[in-house]
Amino acid sequence: MKLLSVIVPCYNEEENVADFYEELMKTEEFFKGKDVDFEIIYIDDGSKDGTAKEVHKLIDRDNRVHFVSFSRNFGKEAAIYAGLQHAKGDYVVMLDADLQDPPALLPQMYSYIVNEGYDSVATRRVDRKGEPPIRSFFARRFYHLINKMSKTEIVDGARDYRLMTRRFVDAILSMEEYNRFSKGIFGWVGFDTKWIEFENIERKKGETKWSFWKLFIYAIDGIIAFSTVPLAIASIIGTLFCAIAFVGILFILIRSLFWQDPTSGWPSMVCIIMLVSGVQLFCLGVVGQYLSKTYLEVKKRPMYLVKEDI
């Protein structure tokens, strides 16, 4: 009998734990008919509500439910990696506990893997209904920007909801970097991937844990992880301003020699100094981002710490 590992990252999802389980069980008959059994791995990313208590109730009902709880909140990327490490299945799938990733798609995804030989079946949203317009605008600009900057394709609207074969999962686990951006890693490892589209599904319970600021930081992490173009941009800007400064010096020398024109007032000089200083700080900030990621990598700290493993 084959085994399907279902990874469910959770952070303060007390209201959704049981509902997710019930929705997943609606696909049980299909997989029984295919001689496939479940293991369900809830990864508790340091929740402060009753998420752990709700998962314990499920463990009492179903011995296929597993539970890994972090000592604190390490972030979704750490939860994804922990789930992949703990998964023992021939096939592995990741879904969010908030039911924005519909378990009803699993039979279709499994069929693509088994019948058509794909190593991965991924999902993407075709719309962003229910999201604030500003957030949707910046999300689309991010995907457009990162695909211009990076050689790794990152599909607009891609979800972490993905069914994978064992060799695909092993390839992901071989990338042990501390600063992770899973959407990029999935694209970087390659293999044959089938994309399934679905309309956006809003949360039924609870609130999203992703604020605009967290998404902005996550976007920066993604660009830094899969592109060195910002470093090249910083170098180009520095070279450009050096050239402008050189031309400016020549202009001032020629004007002073031929027209004896006195130096302009201090306001223009202050504006120039502030502009150049701002560009310098921007370029320094770009270099600093890459340096900080390198600093975190070389310290070799664990990606997460486990408090409870059932």
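The values are calculated or read from the model by the stated rules, or taken from the named source; none is laboratory data. Remember, it's a predicted structure, so these values are computed and weren't measured experimentally. Note: ideal-geometry Cβ built from the backbone for every residue, glycine included; neighbour counts use all protein chains shown.
Here are some conditions: (1) more than 29 Å from Phe181 (Cβ to Cβ); (2) without any contact (Cβ under 8 Å) to a residue 60 or more places away in the chain; (3) touching a strand residue (DSSP E or B) at 6+ places or on another chain (Cβ under 6 Å). Val55 meets all but one. Which one does it not meet?
Condition (1) is where Val55 drops out.
Report every pair of residues separated by at least 6 positions or lying on different chains whose Cβ atoms are under 8 Å apart, first residue within region 183-206 and within 30 Å of Glu14 (Cβ to Cβ), second part of a helix (DSSP H, G or I) and modelled with pLDDT under 80.
Lys183/Gly222
Residues in region 164-185 that are assigned to a helix (DSSP H, G or I) and either within 17 Å of Ala87 (Cα to Cα) or not assigned by TED's automatic domain parsing to the domain that holds Thr152 (or both): how many?
From region 164-185, those assigned to a helix (DSSP H, G or I) are 166-173, 182-185; that's our starting set.
Pick out the ones that are also either within 17 Å of Ala87 (Cα to Cα) or not assigned by TED's automatic domain parsing to the domain that holds Thr152 (or both) and you get 166-173, 182.
Total satisfying the criteria: 9.
Taking region 25-50, which residues are of a type in the set (Gly, Ala, Ser) and more than 22 Å from the chain's Cα centre (by Cα)? Can you show your working first?
Filtering region 25-50 for residues of a type in the set (Gly, Ala, Ser) gives 33, 46-47, 50.
Once the filter is applied, which keeps residues that are of a type in the set (Gly, Ala, Ser) and more than 22 Å from the chain's Cα centre (by Cα), region 25-50 yields Gly33, Gly50.
Got a number for residues in region 152-185 being within 13 Å of the chain's Cα centre (by Cα) and hydrophobic (A, V, I, L, M, F, W, C)?
5
Working only within region 140-198, note down all residues that are among the hydroxyl-bearing types (Ser, Thr, Tyr), modelled with pLDDT of 75 or more and more than 19 Å from Leu106 (Cβ to Cβ). Spell out the reasoning first.
The initial filter retains those residues of region 140-198 that are among the hydroxyl-bearing types (Ser, Thr, Tyr), namely 143, 150, 152, 161, 165, 174, 178, 182, 193.
Subsequent filtering for residues that are modelled with pLDDT of 75 or more retains 161, 165, 174, 178, 182, 193.
Of everything in region 140-198, those that are among the hydroxyl-bearing types (Ser, Thr, Tyr), modelled with pLDDT of 75 or more and more than 19 Å from Leu106 (Cβ to Cβ) turn out to be Ser174, Tyr178, Ser182.
Of everything in region 52-83, what is at pLDDT 85 or above and among the polar types (S, T, N, Q)? Give them in sequence order.
Asn63, Ser69, Ser71
Of the numbered conditions (1) closer than 28 Å to Glu177 by Cα; (2) part of a loop (DSSP other than H, G, I, E, B); (3) free of Cβ contacts under 8 Å to residues at least 60 places away in the same chain, Glu39 satisfies every one except a single condition; which is it?
(2)
Could we say that Glu14 is modelled with pLDDT under 85, farther than 16 Å from Val306 by Cβ and surrounded by 14 or more Cβ atoms within 10 Å (Cβ to Cβ) here? Outline the logic, then answer.
Values: modelled with pLDDT under 85: yes; farther than 16 Å from Val306 by Cβ: yes; surrounded by 14 or more Cβ atoms within 10 Å (Cβ to Cβ): yes.
Yes: the conditions hold for Glu14.
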